[in-house]
Amino acid sequence: MQPLKSAELRVLSRLALNPSLRQVALADELGVTRSAINQLWRRLESERGLKIGGTLDYGRIGMHLVFGWARASEESDLVDGFTRWLSINPHVSIVLESTMSSTLDTIIYFEALLPSEKQYSWFCSQLNRFRKRPYSLPVIHEKATRIVNHMNLGFFDGQTWHFDAGFQFETSLGAAKGYADVLPATVGKAQTQDGYGTLEEIIIAWLLEQNYYTTSVLLAQRMKRIGAAKISSGRTLRRRLSQLRREIALPYLSLKDVGLTQRVVICLYEPSSDLTMSQLLLAHASTLPKVHIVSGSEITILDMMLPQSADWFSLSSSLSNLASGAADICTFIADPLKNRKGLENMLSSFK
C-alpha cells in the first residue's frame, strides 16, 4: 500500500467525520481552493476508490432485506448445497463463507433483497426447508430493522493503523455495559417495514446507493435505459432526487487500498428483550476502522475490515467474555474481496 499524503489524509479524515461535505465546504474548512480539493478528490477516486455511497432504507421502496447465517460442525455436501443455492439466487446480495472461525465451525453468512412480500415469504420458506432433513442445518435469519456503514480514520496516520482489536475494544465496551439501556441506538438507517416504491423511486435509490450525490442527468439516462414509460423534466427529477436523498439515504465514505485487508464478521444472536450486546455494538460502531452492520430484533452482524495486524481472535474472546452466556456470538474470517451486489444487479427482477 502506498502511504497517503498529508493533504489526502486531511480531506479523507473530514469526509469520514462528515460524509455529506461537498467539495466547496471542504475547501472552506481546510482553507484551500476548490480546484485544489477537486484535484485531490479525482486522484483519490482513481487511486483509492473514493466514493460517497448511500446507506438505503430498502423498506421505503418496498424491499425486504433478509440476513442470517448457518453453522455446521464440519464441511459437508449439505453445507455446499446450501451455499450453492444462495449463490445462484438472484436476490442474494452477498454470501460469506468462513475460512476460520472462533467456534471451529463452518459458518455461511448471507444477505438477500426481496422485492415483494410474496418473494420474501418464499425465500423464508426455503430457508426453513434447510432446517429439516436431509440438511438439518441450524439456519438463523430475520428481516433487517437497521443498517449502518461507517469508517473511522482516527486510528490511521496515512501509512499505519494503530487499532487494538483486543484489550482496548473490550475495555471500551465493558465500561459502557452498565449503561447499555441509555446508549443511543439511532445510528445508521432504520428500515421501513411496510413501504412501497415506484419504478422511478427504485431507480433513484439504485443511483443513490452507488453515489449519494448522483445527478438528474444520470437519473434521466438510467430511466431511459431501463425503459421507463415517462421521463419527467430535469427540474422535476432534481426535486425528486433531493427529496428521496433526504428520505431514504444516509451518506458514508468508502475507500480502498488503505491497509484494511482482514475481513472479520461477528454474528450475534440475542433472543431476549434485553438486547445489551446489540446496543453496545451499535453504539460502538464508530470506533471501528470500517464496518457494515445489519441488525434486527434478535440478531446483529458486524462485517468489519481491519488491518492485518489486528488480533481477531482476541476481539472474539473479548465479546464472548462480555456476553457471559446471555448471547450466542461467533466470529469468523472471510474473503475480503467479496462485495455486496446492491440494487444494480437486481433491477431486472424489479421491472
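The values are calculated or read from the model by the stated rules, or taken from the named source; none is laboratory data. Note that the coordinates shown come from a computational prediction; the quantities given were computed from them, not determined experimentally. When we count neighbours, we look across all protein chains shown, and the Cβ atoms used for this are built from the backbone with ideal geometry, even at glycine. Keep in mind that these areas ignore ligands, DNA and RNA; they rest on the heavy atoms of the full protein, side chains included. Shrake-Rupley method; radii C 1.70, N 1.55, O 1.52, S 1.80 Å.
Of Lys118/Lys189; Lys132/Lys341; Lys256/Lys290, which sit over 18 Å apart, Cα to Cα?
Details: Lys118/Lys189 24 Å; Lys132/Lys341 29 Å; Lys256/Lys290 11 Å.
Table pairs above 18 Å Cα-Cα are Lys118/Lys189; Lys132/Lys341.
As I understand it, the dipole of the chain uses +1 on the Cβ of Lys and Arg and -1 on the Cβ of Asp and Glu, about the Cα centre. Which of Tyr58, Val139, Pro289 lies farthest toward its positive end?
Result: Tyr58.
For region 20-61, what does the accessible surface come to per residue with a 1.4 Å probe? Please give it in Å². Please list the in-between numbers first.
Working: 2050 Å² over 42 residues.
Result: 49 Å² per residue.
If you take the beta carbon distance between Thr261 and Trp122 as r and set R0 to 35 Å, what does 1/(1 + (r/R0)^6) give as a FRET efficiency, to the nearest 0.05?
So the FRET efficiency works out to roughly 0.40.
Give the carbon-plus-sulfur fraction of the accessible surface of the chain in %, rounded to a whole number; probe 1.4 Å, heavy atoms of protein chains only.
Percent of accessible area from carbon and sulfur atoms in the chain: 50.
Magnitude of the Cβ-charge dipole of the chain, K/R +1 and D/E -1, about the Cα centre, nearest 20 debye?
Approximately 1880 debye in magnitude.
Between Ala220 and Ala36, what is the label-point separation in nm under the 7 Å Cα-to-beta-carbon projection?
Once both label points are built, they end up 3.6 nm from each other.
Spelling out what I want: for every residue of region 278-290, take phi, set θ = phi - 60°, compute 6.51 cos²θ - 1.76 cosθ + 1.60 (Karplus), and round to whole Hz; glycine and proline get x.
These are the phi-based 3J(HN,Hα) values: 4, 5, 4, 5, 5, 5, 9, 4, 6, 8, 8, x, 7 Hz.
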